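To start, the structure under review is shown below, and the notes come after it.
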Amino acid sequence: MTRILKKIWNDGKNLSWNLFAVMLFWCVLGVLGVFVSWMLWSQVGLTDSASHVTASLAVVGGVGGVVALVIAFRKQSAAERGEGQDRLNDAVRLLGDSQPSTRIAGVYAVIATGKRHTDLREQAADILCGYLRTTRPADDSPVESTIIHRLQDVLRKDNPDRWQHIDIDVHGAAITEPFELTNSVIATVDFSHTTFNEQVNLDGAEFENFALFQNTTFKAYVSIAKSTFQDGANFSRSEFYDGVHFTDSEFLVRKPAPKMDNADQGPANIDHPTLFNAVHFHSIAYFNSVRFVTDCDFSGLSRYQPAGDESKTDLTSFDVVTFLRTKFLARAYFRGVEVTQEIHTERVEFKSTRDKQVFDKIVAEARQ
């Protein structure tokens, strides 16, 4: 009996929890039934071993039926997964077609397969993101736009059948259409070394893991307002050629900061920082009402130089920047920062007195 229950438990790991719970319930109920019956028979003095054997065989038969159900379900699940994989393979072939309309059909086929087979959703998203990273024909704009909109649909918070824990990896891609993933939940995002030629809208997005935006080029307006970065982000060496909004966003950290008596000590969340090192903001940047719970670093970065050459630093540069009601609740670093035109501040909060002094010096120099 113990071996049978152990077998059912191991098989249950590969089933949906609802089905496994039902099977486990009936197994436990059967075992309890035998035990209670045995106790009752003993109390009334029944010693008919044949009755005991009959009852035990009935329970074993019931458990055997559950085991058979498990095996049948696994076979059916394997068949359905094989069917889903075949559908994805067919969709990939459509994505390789020379006609945009056929490629669009391939996009819808990938999404439909992900909706039908929950265990293939990450693979479906990987296929579409991988397509965006490829070198594509000049007539691909409608295909790219379709991919972006369909991904937004399945990742939106208000979608009752939202795809969960999905990674979006378009690193190194050249995105030519407006890119929008508003109110979406994304496990890990990798936009590093990506060029966005049109507007980017990530308002209300939630990034579950450390977000990668380093060496990214934003050629048009960017809005990442009211978004939540659960584990920090890296925007280092990125270029913002138009305005960018981080208004009302939060940069959090999973690992709690250690308690320190002196807030001017070293970085508290060095493993989970928010990095804006050597970023160039060529237009206005809004950091209004942003909460930095993680360490935040706006400092410049030293550039590698051959031996004997003078060390150089790539500054973090702002054209116009606003820090209104911004809260730096961990360490904040502003060494190697320049403001070429204007900086607007109001009710900026710092955890560290030292960080505030460096920030105030930058503000004073920009206003001279």
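The values are calculated or read from the model by the stated rules, or taken from the named source; none is laboratory data. Keep in mind that this is a model prediction, so the values were computed, not measured. Positions of Cβ are generated from backbone atoms using ideal geometry, with glycine treated the same way; all protein chains shown enter the neighbour counts. Surface accessibility is based on the protein's heavy atoms, side chains included, excluding ligands, DNA and RNA. Shrake-Rupley method; radii C 1.70, N 1.55, O 1.52, S 1.80 Å.
Would it be correct to say that ILE362 is in contact with a helix residue (DSSP H, G or I) (Cβ under 7 Å, 6 or more places away or on another chain) and either of a type outside the set (Asp, Glu) or surrounded by fewer than 19 Cβ atoms within 10 Å (Cβ to Cβ) (or both)?
It is false that ILE362 is in contact with a helix residue (DSSP H, G or I) (Cβ under 7 Å, 6 or more places away or on another chain) and either of a type outside the set (Asp, Glu) or surrounded by fewer than 19 Cβ atoms within 10 Å (Cβ to Cβ) (or both).
Please determine, by comparing only the residues of segment 147-195 that are of a type in the set (Lys, Arg) and within 16 Å of the chain's Cα centre (by Cα), which one is nearest to TYR241 (Cα to Cα).
Residue satisfying both the conditions and the ranking: ARG156.
Report, by residue number, each residue of segment 111-124 that is without any contact (Cβ under 8 Å) to a residue 40 or more places away in the chain and among the hydrophobic types (A, V, I, L, M, F, W, C).
Within segment 111-124, ALA112, LEU120, ALA124 qualify.
Is segment 114-129 home to any residue that is crowded, with 16+ Cβ neighbours inside 10 Å, modelled with pLDDT of 95 or more and β-branched (Val, Ile, Thr)?
Yes.
Take segment 182-210 and flag every residue that is within 18 Å of ARG133 (Cα to Cα) and either in contact with a Gly (Cβ under 8 Å, 6 or more places away or on another chain) or modelled with pLDDT under 95 (or both).
SER192, HIS193, THR194
If you take the residues of segment 131-150 that are open to solvent by less than 10 Å² (accessible area, probe 1.4 Å) and in a helix (DSSP H, G or I), which of them is farthest from ASP203 (Cα to Cα)?
In this case the residue turns out to be VAL143.
Being of a type in the set (Phe, Trp, Tyr) and over 24 Å from THR195 (Cα atoms) is the filter here, so list the residues in segment 80-136 that pass it.
Passing the criteria: only TYR108.
Scan segment 135-152 and report the pairs whose first residue is closer than 13 Å to ILE104 by Cα and whose second residue is among the β-branched types (Val, Ile, Thr) and part of a loop (DSSP other than H, G, I, E, B), with Cβ atoms within less than 7 Å and a gap of 6+ or a chain change.
Qualifying pairs under 7 Å: SER141/THR176; GLU144/THR176.
Looking at segment 196-214 only, could you name the residues that are in contact with a Lys or Arg (Cβ under 7 Å, 6 or more places away or on another chain) and surrounded by fewer than 18 Cβ atoms within 10 Å (Cβ to Cβ)?
Within segment 196-214, ASN197 is the sole residue that qualifies.
Select, from THR326, THR345, THR353, the only residue that is of a type in the set (Ser, Thr, Tyr) and over 33 Å from the mean Cα position of the chain (by Cα).
Unique residue meeting the criteria: THR353.
So which strands (runs of 3 or more DSSP E) are wholly in segment 283-368 and hold at least 2 residues that are over 22 Å from GLU239 (Cα atoms)?
337-346
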